[in-house]
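A short write-up of the structure that comes next.
Values in this text are rule-based calculations from the coordinates and carry no lab data. Model, not experiment: these values are computed from the prediction. Quick reminder, even Gly has a Cβ in these numbers, built from the backbone with ideal geometry, and neighbours come from all protein chains shown.
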Amino acid sequence: MTHLAVDICGIHLKNPTILAAGILDETGKSMIEVAKAGAGAIVTKSVGREPRSGHPTPSIVELHDGLLNAMGLPNPGIDYFADEIKEAKKGGVPIIGSVFGGTEDEIAGLAAQMSRYGVDAVELNLSCPHAKGYGAELGSTPEMVEVVCRRSKKGVSVPLFAKLTPNTSDIAALAVGAERGGADGIVAINTVKGMAIQPEARMPILANRIGGLSGPAIRPIGVRCVYEIFEAVKIPIIGVGGITSGMDALEYIMAGASAVQIGTAVWSEGLEVFSKTSKEMLRFMVENGFESVPDMVGVAHPDRH
């Protein structure tokens, strides 16, 4: 019997589609709506120690093949997030709590606190490209990724995922660092560092100047990163970047991802993207003789044919 259910680090998902951090995931009620729409799991908004308003506007540029954003990690602060997690859990799907911080101690403390809120896993945001002092600045070397993961792992009672940046010369090395540090899984990728300029104004459009590119334009980068990571680590990978269809998701899975996250497509396609992606994947599996998602993981690698 062909089915879409997957298990990642002991977490059971009815299908391999997950809401990525940053879209419709700041309140419990919005996360419940995503669950009702068919997502297999949900990643919360990345939250930090204190409330943060983010960067001034304009903070988003719409492109024909994606979005360029410099939101600046706006969030209500972790102390205010416990009630949202409790509400989100009513949606009946696993909730993955995303945290960010400026030091390894801060991130470790936030991961431990998020774990106590009852999430099913914790995702470390080591990859935001447009918030100075956070994200990619803390996850730019294998050594730092290893340290952050090791410190964070000590305080959590649930699986720990490290979300890595593509803005590096060797993302596989970052993944190896995360694995050495005790991470249970890898999330790849976050947005690609970019900029847009308004010629008439002779200046960058974003108030922050630099932003992160998401959407279909970055999918080939994400697929390549997952492919490289799969050959370097043994822990599960969750693929992210530019997924709008079942065939897009299958690229990531065949490159080595055990599940996928969808973000920008929720903005462009609506919440229906989760059920649509799952249905398209299932149809492909039936037509091509695959009984389960794990049967397809990594099959694009020569030794898996």
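Summary of computed values
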| read-out | value |
| --- | --- |
| Within-11-Å neighbourhood charge of V122 [Cβ basis; K, R +1; D, E -1] | 0 |
| Ascending count of other beta-carbon atoms within 10 Å, so fewest first, for M71, M247 | M247, M71 |
| E62/R116 FRET efficiency (R0 45 Å; Cβ-Cβ; nearest 0.05) | 0.70 |
| Convex hull projection area averaged over all views, segment 95-204, Cα basis, nm² | 7.4 nm² |
| MRE, 222 nm, helices only [DSSP H, n ≥ 4, -39500 (n - 2.57), over the chain, to nearest 500] | -9500 deg cm²/dmol |
| Kirkwood estimate for segment 203-274, i.e. one over the average of 1/r between Cα atoms, Å | 13.0 Å |
| Stretchable slack from K154 to A207, in nm (0.36 nm times residue separation minus alpha-carbon distance) | 15.2 nm |
| Distance in nm between pseudo-label sites at R283 and S53 (7 Å out along the Cβ direction from Cα) | 4.7 nm |
| Net dipole in debye of segment 39-93 [+1 Lys, Arg Cβ; -1 Asp, Glu Cβ; about Cα centre; nearest 20] | 200 debye |
| Cut-off 16 Å (backbone N to label point 7 Å along Cα→Cβ of D303), residues of segment 188-229 | 227-229 |
| Once the Cα gyration tensor of segment 154-257 is diagonalised, semi-axes √(5λ) in Å | 29, 17, 12 |
| Cα-based equivalent ellipsoid of the chain: semi-axis lengths in Å, sorted from largest, via gyration tensor | 26, 22, 20 |
| Fewest-first sequence of Y252, Y80, Y227 by Cβ atoms within 10 Å of each Cβ | Y80, Y227, Y252 |
| Simple label model, 7 Å out from Cα along Cβ direction - S268 to D7, nm | 3.6 nm |
| Gap separating the Cα centres of segment 28-62 and segment 161-176, nearest whole Å | 23 Å |
| Globularity index of segment 1-60, i.e. its alpha-carbon radius of gyration over 2.2 N^0.38 Å | 1.42 |
| Size of charge dipole - the chain - debye, nearest 20, with Cβ of Lys, Arg +1 and Asp, Glu -1, no other charges | 400 debye |
| Cα-based convex hull, segment 29-172, per residue volume (Å³, whole number) | 127 Å³ |
| Which of V266, V260 has the fewest Cβ neighbours within 10 Å, and the rest in rising order | V266, V260 |
| Two-site label geometry, K193 and Y80: point separation in nm, points 7 Å out along Cα→Cβ | 3.0 nm |
| Antiparallel bridge percentage (DSSP; both residues within the chain; nearest 5) | 40 percent |
